[in-house]
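The values are calculated or read from the model by the stated rules, or taken from the named source; none is laboratory data. On a predicted model such as this, the values are computed, not experimentally measured, just so you know. Backbone-built Cβ (ideal geometry, glycine too); neighbour counts: all protein chains shown. Ligands, DNA and RNA are stripped out before the accessible areas are found, and what is left, the full protein with its side chains, is counted by its heavy atoms. Shrake-Rupley method; radii C 1.70, N 1.55, O 1.52, S 1.80 Å.
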Amino acid sequence: MTQDPDTPRITDSHCHLDFPDFESERAAIVDRAAEAGVHRMVTICTRLRLEPQVRAIAEAHAPVFFAAGTHPMSAADEPMATVDELKALAAHPKFVGIGESGLDYHYTAESADLQKQSLRIHIEAAQETGLPLIIHARAADDDMARILTDGYRAQPYSCVMHCFSSGAGLARAALDLGFYLSMSGIAAFPKSQALRDIFTAAPLDRILVETDSPYLAPPPYRGKRNEPAYVAHTARAGAEAFGLDYADFAAATEANFDRLFAKAAAWTAPA
């Protein structure tokens, strides 16, 4: 599918194309994304044993890149990742990030100690590979800020707070480390003004957009299955919040993605 040259280009920085919700129609999903101006997407592996099938999706579709890690909600159910394992995966030309990792005390507080151990491993892998860390944070703001900051002071690394919906304190801690905040469909919900205020208090050059599809579809698709094409709706809400034309906001988030995910920006399809 060829993108309309008049449609601003944009990137879905976080989706889950391997999930069963997308079975048998991934090619059509990539085509619909292109029609909406979404020329790249990063599909995220949340359980390392599933990495081969996530990698295969990226290999099959030129616009798709991938990342892998152990989701914090799976930390108690999956073998503990190792730095060497993550570094080996990073050798793939389309592997562009470490994670998602992080802390989730809303659903899985009972595994907090394992989550912290896993997070520190992922931080070390980001430090060793130079690839950005992709963070999931829910109901764990204080521990998250402390662990991210302690790791950065030991050895700097880059990071995006994916699907950011935490408090202003964690946002500030992340921004102070040079990290990025990513807007999901939640930021486009009518009742999310407080969250939009956190984003617009951040520098524009630290903002990314994502779907987290198949979850969290923005209006007008809220409550339905999300997909990468819909990131354009979240970006339009972001543009409105920042008081920018959509094309200008899209261009800013593109530059931010290229800066953070430099490996994806430098990738060229084989001849």
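Of note:
- Sequentially through the stretch 31-40, phi angles give Karplus couplings (6.51, -1.76, 1.60; θ = phi - 60°) of 5, 5, 4, 4, 4, 8, x, 8, 8, 9 Hz, Gly and Pro residues having no value and appearing as x.
- Separation in nanometres of the label points that stand 7 Å from Cα toward Cβ, at Ala60 and Asp77: 2.3
- Whole-Hz ³J(HN,Hα) from phi, Karplus 6.51 cos²θ - 1.76 cosθ + 1.60, for the stretch 145-151, glycine and proline x: 4, 5, 5, 4, 5, 4, x
- For the chain, the mean residue ellipticity at 222 nm estimated from helices alone is -12000 deg cm²/dmol, where every DSSP H run of n ≥ 4 contributes -39500 (n - 2.57) and the total is divided by all residues, rounded to the nearest 500.
- When the residues Lys191, Lys87, Lys116 are ordered by accessible surface, computed with a 1.4 Å probe over the protein chains alone, the sequence from largest down reads Lys191, Lys87, Lys116.
- Of Ala237, Ala56, Ala125, the residue with the greatest mean-square motion in the GNM of the chain, using alpha carbon springs below 10 Å, is Ala56.
- Accessible area of Glu110 (1.4 Å probe, protein heavy atoms only, ligands and nucleic acids ignored): about 150 Å².
- Within the full protein context, the accessible area of Thr253 is estimated at about 10 Å² for a probe radius of 1.4 Å.
- Result for the chain in a Gaussian network model with C-alpha springs under 10 Å: among Pro79, Pro228, Pro218, the largest mean-square fluctuation is at Pro79.
- Of His106, His122, His233, the residue with the largest accessible area leads and the full order is His106, His233, His122 (1.4 Å probe).
- Within a Gaussian network of the chain (alpha carbon springs, distance under 10 Å), most fluctuating of Phe257, Phe22, Phe199: Phe22
- Residue-wise HN-Hα coupling along the stretch 119-124, computed from phi with Karplus coefficients 6.51, -1.76, 1.60 (Hz; x: Gly, Pro): 4, 5, 5, 5, 4, 4
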